[in-house]
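Chemist: Take this structure first; my questions come after.
The values are calculated or read from the model by the stated rules, or taken from the named source; none is laboratory data. Note that the structure is a prediction, hence the values are computed from the model and not measured. Here the Cβ positions follow ideal geometry from the backbone for every residue, glycine too, while neighbour counts run over all protein chains shown. With ligands, DNA and RNA removed, areas are computed over all heavy atoms of the protein, side chains included. Shrake-Rupley method; radii C 1.70, N 1.55, O 1.52, S 1.80 Å.
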Amino acid sequence: MSGRTHAMVPAAVAATLFNADPVLTLTAAAAGLAPDIDEPWSVIGMRLWFLAWWMKYVFGHRTVSHSLAMVATVAIVGIGALMPINMVVAVSIGLMSHLVLDAMSGGVQLWWPKKERWVLGRYPVYGGMDQLLLVLAMIVAVGCLLLRISQEVRTASDEGHQSANLIYLER
């Protein structure tokens with residue numbers, strides 16, 4: 001799938017699970033791009049080209065960085081580094097969604113170092129399925145964001161009324 005879909009799908013999942021917390025939503029989106037560090041022409045690969053070329057040369061594309069071993073390693077390191085558990089979950093959401101999305105567009109070596117590929121489909125990058133998932137993820141993410149904003153406005157409004165009542169009662 002495309003980089004934009006790899007970012008939006010985990011953002012939508014995180015926004016749903018974490019009440020559109022901006023830090024956790026953006027963390028999941030960024031983590032959704034991370035596995036493509038093994039592809040020099042990806043969003044992250046173009047920024048870290050030296051690492052991307054090395055990863056592609058040594059391991060190949062959709063191998064170690066697209067495996068459950070990588071997801072587990074990152075989660076264990078995050079927990080060991082005493083990251084907040086919500087942050088570890090957001091990163092894991094991003095990484096796992098990337099694996100599922102790439103399995104839909106040709107497959108990944110989920111059980112790396114085994115060579116067997118886990119394939120959920122052969123949908124083309126930037127094709128109809130990619131665009132559908134992108135639009136649905138955008139709808140969910142924006143919906144969650146609007147819901148959070150309305151809750152915060154309502155809370156601020158209620159607090160404002162309470163402050164006004166206290167001032168009135170003090171007189």
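Chemist: Using a Gaussian network model of the chain with C-alpha springs under 10 Å, which one of Met138, Met96, Met46 is most mobile by mean-square fluctuation?
Modeler: The residue with the greatest mean-square fluctuation here is Met46.
Chemist: Expressed as an acute angle from 0 to 90° and rounded to the nearest 10, what is the orientation of the C-alpha long axis of helix 49-58 relative to the principal long axis of the chain?
Modeler: Rounded to the nearest ten degrees, it is 40.
Chemist: Translational D (Stokes-Einstein, µm²/s) of the chain at 4 °C and 1.567 mPa s when Rh comes from the Kirkwood sum over C-alpha pairs?
Modeler: Roughly 74 µm²/s, to the nearest whole number.
Chemist: HN-Hα J couplings of the stretch 104-118 from phi, Karplus 6.51/-1.76/1.60, θ = phi - 60°, integer Hz, Gly and Pro as x?
Modeler: Coupling constants for the stretch 104-118: 7, 10, x, x, 9, 8, 4, 9, 3, x, 4, 7, 4, 9, 9 Hz.
Chemist: Choose one answer from Ser67, Ser150, Ser105: the residue with the largest mean-square fluctuation in a GNM of the chain with alpha-carbon springs under 10 Å.
Modeler: For the chain, modelled as a Gaussian network with Cα springs under 10 Å, the answer is Ser150.
Chemist: For Val100 and Val23 in one chain, what is 0.36 nm times their gap in residues minus the Cα-Cα distance, to one decimal in nm?
Modeler: Working it through step by step, the gained length comes to 25.4 nm.
Chemist: Name the long-range amide H neighbours of Trp118: under 5 Å, sequence gap of 5 or more, or other chain; modelled H, no Pro or chain starts.
Modeler: Val108, Gln109, Leu110
Chemist: Amide H to amide H under 5 Å from Tyr126: which residues, 5+ apart in sequence or cross-chain, H placed 1.01 Å off N in plane?
Modeler: It is Ser2, by chain and number.
Chemist: Hey, another quick one. Just grab the label-to-label distance for Thr16 and Leu48, each label 7 Å out from Cα along the Cβ direction, in nm (one decimal).
Modeler: Modelled inter-label distance: 2.8 nm.
Chemist: With the crude spin-label approximation of a point 7 Å out along Cα→Cβ, what separation in nm comes out for Tyr126 versus Met83?
Modeler: 3.1
Chemist: Considering only protein heavy atoms, what per residue accessible area in square angstrom results for the stretch 1-117 with a 1.4 angstrom probe?
Modeler: I get 49 Å² per residue for the stretch 1-117.
Chemist: Sticking with this one: With θ taken as phi - 60° and the coefficients 6.51, -1.76 and 1.60, list the Karplus ³J(HN,Hα) couplings across the stretch 140-147 in order, rounded to whole Hz; mark glycine and proline as x.
Modeler: Running phi through 6.51 cos²θ - 1.76 cosθ + 1.60 with θ = phi - 60° gives 5, 5, 5, x, 5, 5, 5, 5 Hz.
Chemist: From the helices alone, meaning DSSP H stretches of at least four residues, give me the mean residue ellipticity at 222 nm for the chain, per-run term -39500 (n - 2.57), in deg cm²/dmol to the nearest 500.
Modeler: When only DSSP H runs of four or more count, the value is -23000 deg cm²/dmol.
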